[in-house]
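I have placed the structure first, in the form of structure tokens, so that the comments after it can refer back to it.
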Amino acid sequence: METPLPYAFDNDDPEAVARHGQLPAILDEFTISRLSSLGDLTGRRCLETGAGGGSIAAWLALAAGPAGRVLATDVNTRHLPPSPPYDVLVHDLEKEPVPDGPWDVIHARLVLVHLPGREAVLRRLAAALAPGGALVVEDFASAFRRLVLAAPTPQAAELVDLYHELLVEHVLPAHGNDPTWAGRVPAAMLEAGLTDVDTLVQARSWRGGTAGALLIGANIAQAREDFLAAGMTQVQLDELGRLVTDPRLMVRDHFTYSTIGRRPPA
């Protein structure tokens, strides 16, 4: 079996700045509603893995208050703000032990889907919970087709479809991403001994020029060589980059599965 290539969307890439602006716009409202459903987080110990730009770590810090603790981790923390209201740790979730807890809340958004050892990582995260603590895993289920809801021409719709086909069948799997993982998280949580497992699924529409469409542009900018190797041409990629700014385009973002499981009380 071939070893997967490194993560497709490296934080050191200049184009990563665009991704870290668009993903919070797409996902933060949904994530915050899910974390809010856990109840009062005052004084809680919270672990934010794959913290990205830190928007959710900042929300958790506010929710936990001075009596709580929030630790934000990432393999590359360069996009976190200076002097944030939470602790920061450079950390590889797949290769290193879970940071010392126990934790009342562990949140992993768009993290496990990229890790070849995701099942083992989930088990270790579950084991790091305090009794009654909650693990919140949120990932895209990108294998579902039909992203295009409206397009300026049939050819434009076909181009977006081609991008999505190559993303799901070639680009992401080559880097260890499993587009089917999000739908398997509930079973994985139950197998890890978590209870009260609950999943909500969200998707919405985005016009060209807004975050959900522009994320396509960020993806092709960061993984341009991967798309070329998978069969797209420079002309097609340039046209797609223009198309995602066209307000006549309307796309559905990937289904986001948000799954919560709790460690049984002591």
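Rule-based calculations on the coordinates, nothing more; no lab input. This is a predicted model, so every value here is computed, not measured. Neighbour counts are summed over all protein chains in view; Cβ atoms, including those assigned to glycine, are modelled from backbone coordinates with ideal geometry.
Full extension of the chain between Asp40 and Arg204 yields a length gain of 56.2 nm, computed as 0.36 nm times the residue separation minus the alpha carbon distance. Electrostatic bookkeeping for Gly208 treats Lys and Arg as +1 and Asp and Glu as -1; over the other residues with beta carbon under 10 Å from its beta carbon, the sum is +2.
Summarising the strand pairing of the chain, around 50 percent of its internal DSSP beta bridges are antiparallel.
Each label was represented as a point 7 Å from its Cα along the Cα-to-Cβ direction; for Thr245 and Ala187 these points are 4.4 nm apart. With the chain treated as a Gaussian network of Cα nodes joined by springs under 10 Å, which of Leu162, Leu249, Leu135 yields the largest mean-square fluctuation? Looking only at Leu162, Leu249, Leu135, the largest GNM fluctuation is found for Leu162. Using a cutoff of 8 angstrom between alpha carbon atoms and counting only pairs six or more residues apart, the relative contact order for the range 17-113 works out to 30 percent. Helical runs assigned H by DSSP (4 residues or longer) give the chain a calculated mean residue ellipticity at 222 nm of -10500 deg cm²/dmol, each run adding -39500 (n - 2.57) before division by the residue total.
The trypsin sites (Lys or Arg not before Pro) of the range 72-167 that DSSP puts in a loop, and whose beta carbon has at most 15 other beta carbons within 10 Å, are Arg78, Lys95, Arg145, Arg146. Normalised by the number of residues in the range 16-262, the average gap of Cα pairs under 8 Å and 6 or more apart makes the relative contact order 21 percent.
If we count every other residue with Cβ under 12 angstrom of Arg34's Cβ, Lys/Arg +1 and Asp/Glu -1, where does the sum land? Cβ neighbours under 12 Å give a net charge of -3.
Our note on the geometry: Cα centres of the range 189-228 and the range 66-115, 20 Å apart. Counting every other Cβ atom within 10 Å of each residue's Cβ, Ser36, Ser83, Ser142 order from fewest to most as Ser83, Ser36, Ser142.
Modelled spin-label separation between Ala120 and Ser83, with each label point placed 7 Å from Cα along the Cα-to-Cβ direction: 4.1 nm.
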